[in-house]
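The values are calculated or read from the model by the stated rules, or taken from the named source; none is laboratory data. All values reported here derive from a predicted model rather than from experimental measurement. Cβ placement follows ideal geometry from the backbone for every residue including glycine, while neighbour counts extend to all protein chains displayed. Surface accessibility is based on the protein's heavy atoms, side chains included, excluding ligands, DNA and RNA. Shrake-Rupley method; radii C 1.70, N 1.55, O 1.52, S 1.80 Å.
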Amino acid sequence: MNAFEMMEEKDHEEVVFFSDKKSGLRAIVAIHNTTLGPALGGCRMYPYASAEQALTDVLRLSRGMTYKAAVAGLNLGGGKAVIVGDPKKDKTEMLFRSFGRFVQGLGGRYITAEDVGTNVTDMEYTRMETKYVTGISRALGGSGDPSPVTALGVYRGLKACVEKVFNTQSLKGMRIAVQGLGHVGYYLVRHLHDEGAKLIVSDIDGERVKKVVNEFNAEYVEGDKIYSVDADIFAPCALGAIVNDQTIPQFKFKIIAGAANNQLADEDRHGKMLIDRNIVYAPDYVINSGGLINVYNELEGYNQEKALSQAKNIYDIVKNILDYAEREKIPTYVASNKIAEERIYHIGRIKQTYVSKSETVMRRLERF
Ligand code: NAD
């Protein structure tokens, strides 16, 4: 496929290549859909082996952001940037200032933020050249670390699943397995402990385990044992692709609700396998959207109370998705993708991948 065909396949609006020999910058910005608002999405730095690999990644990631913002109810479109380079070796002030000048040139159609391989310092260099950047420190008027807000959203989404499966608002006595006790996992565990949940935790970092075991009276299990523990809920907050052919048969959980990105190794197959096993899955990009909600709030002058209150609303968003999936007998991630497409379609345009032609016709008829 050539670049145009790759864009047209999922209906991307705009793709921009940037190159600056002096700073060594080679970057691509992809804007998938701006129906709801400017395209916001992080800037990933990675040593891509080829321009095609970088383009494939930025097209995939930017489209994901369109759906994430739409389901979270934000007035944002989907976009993403990639910088070709090794984040351990190739970062300089000049590189990110050069990137910032290019972003500025897009006039606000794309707003950047941190992502894998970039950090707050990089975004502060970027900000020296453009106002279209989020995810900067509190000291500079930004929103700082998004993890507490992400954790609050995960906690609320998890409670929506509990309500659905166990018909209760309370987590008292629930057994919850948490994988990963980092930025999000730690705050999540605190919420769960405060509600009287019994915690089973794992992390490869011994110090983090020690802290959580002492503070929250959690039980520790080593490595992959977390997949087979006797618990009601699994909250993955470390790695992607942990819901796969090897782990699903081990699960005794009734719910999977955690912060990690790309939890299903294969969305289609493993989404269906979870339905067959009667396990309720909170789509990862929905339940972890507190981070996006946090940076969105930066655009209007950051107010943490407002961001936290929007993140609490993830309860209703997840509940709605679970009800829809149950009614339509479809995997929960398909339900959330449909909800996203429907929201955008009602306002403007999007290539509908999840909503079928007959559903579109029905909706047109409903409008008359
Ligand atoms: P983090 O790096 O702070 O924490 C990850 C933790 O997982 C670390 O403590 C690490 O030691 C542990 N870990 C790594 N491999 C492990 C393994 N095999 N078994 C058990 N533990 C392991 O990251 P974070 O910011 O807390 O993010 C956690 C997940 O949530 C990531 O997948 C991230 O992409 C996603 N996420 C985070 C945010 C956010 O606001 N930070 C927002 C959306 C999504």
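Quick one: the Cα spread of the range 130-186 along its three principal axes, in angstroms, biggest first?
That gives 48, 21, 14 Å along the principal axes, largest extent first.
In the chain, if the dipole is taken from +1 on Lys/Arg beta carbons and -1 on Asp/Glu beta carbons about the Cα centre, which of LEU25, LEU36, PHE99 is farthest to the positive end?
Selected residue: LEU36.
Could you tell me the largest-minus-smallest coordinate of the C-alpha atoms of the range 94-169 on each of the three principal axes, in descending order and whole angstroms?
54, 26, 22 Å, listed from the longest principal axis down.
Expressed as a whole number of Å, what is the distance separating the alpha-carbon centroids of the range 251-325 and the range 59-102?
Here the answer is 21 Å between Cα centres.
Send over a whole-number figure in Å² for the accessible area per residue of the chain, probe 1.4 Å.
46
Can you tell me how much longer the chain between GLU93 and GLU207 gets when fully stretched, taken as 0.36 nm per residue apart minus their C-alpha distance, in nm with one decimal?
Between GLU93 and GLU207, full extension yields 37.7 nm more.
Of SER228, LEU299, PRO148, whose Cα points farthest to the positive end of the dipole of the range 147-332 (charges on the beta-carbon: +1 Lys, Arg; -1 Asp, Glu; origin at the Cα centre)?
Going by the Cα projections, it comes out as SER228.
Rounded to whole Å and sorted largest first, what semi-axes of the equivalent ellipsoid does the C-alpha gyration tensor of the range 147-332 yield via the square root of 5 times each eigenvalue?
23, 21, 15
Which pairs, out of LYS91/LYS159; LYS22/LYS68; LYS164/LYS306; LYS254/LYS351, put more than 31 Å between their alpha-carbon atoms?
In this structure, LYS91/LYS159; LYS22/LYS68; LYS254/LYS351 exceed 31 Å between Cα atoms.
Points 7 angstrom from Cα along the Cβ direction at TYR324 and ASP11: gap in nanometres?
1.6
What spacing in nm lies between the two simple spin-label points modelled at GLN169 and LYS272, each 7 Å away from Cα in the Cβ direction?
Simple spin-label model gives 3.9 nm for this pair.
Taking the Cα centre of the chain as the origin, how large is its charge dipole in debye, to the nearest 20, when only Lys and Arg (+1) and Asp and Glu (-1) carry charge on their Cβ atoms?
So the dipole magnitude of the chain works out to roughly 500 debye.
Among 161-171, 53-63, how do they line up by average Cβ neighbours within 10 Å per residue, starting with the highest?
Most protected by this proxy first, the peptides run 53-63, 161-171.
Less than 12 Å apart at the alpha-carbon level, and either on another chain or at least 8 residues along: which aspartates and glutamates does that give for LYS329?
Partners found: ASP276.
Given the peptides 224-237, 341-354, arrange them by the average over their residues of other C-beta atoms within 10 Å, most packed first.
224-237, 341-354
Summarise the accessible area of the range 98-171 (1.4 Å probe, protein heavy atoms) by the percent that is carbon and sulfur.
Carbon and sulfur together cover 49 percent of it.
For n ≥ 4 DSSP H runs only, could you compute -39500 (n - 2.57) per run for the chain, divide by its residues and tell me the 222 nm figure to the nearest 500?
Per the formula, -14000 deg cm²/dmol.
Using a cut-off of 19 Å between alpha-carbon atoms, which aspartates and glutamates can reach LYS319, once sequence neighbours fewer than 8 places away in the same chain are excluded?
Reachable aspartates and glutamates: GLU163, ASP232, ASP284, GLU328, GLU341, GLU342.
Run through all the Cα pairs of the chain and give the fraction in each 20 Å bin from 0, expressed as whole percent.
Reading the bins upward from 0: 29, 58, 13, 0.
Nearest 0.05, what FRET efficiency do ALA3 and GLN304 give at R0 = 56 Å with Cβ-Cβ as r?
0.85
With charges only on Cβ, +1 for K and R and -1 for D and E, what is the dipole size of the range 54-173 about its Cα centre, in debye, rounded to 20?
In debye, rounded to 20, the range 54-173 gives about 360.
Which is farthest toward the positive dipole end of the chain among PHE253, TYR333, ASN2, measuring Cα position about the Cα centre, with Cβ charges +1 (Lys, Arg) and -1 (Asp, Glu)?
Checking the options against the dipole of the chain, the answer is TYR333.
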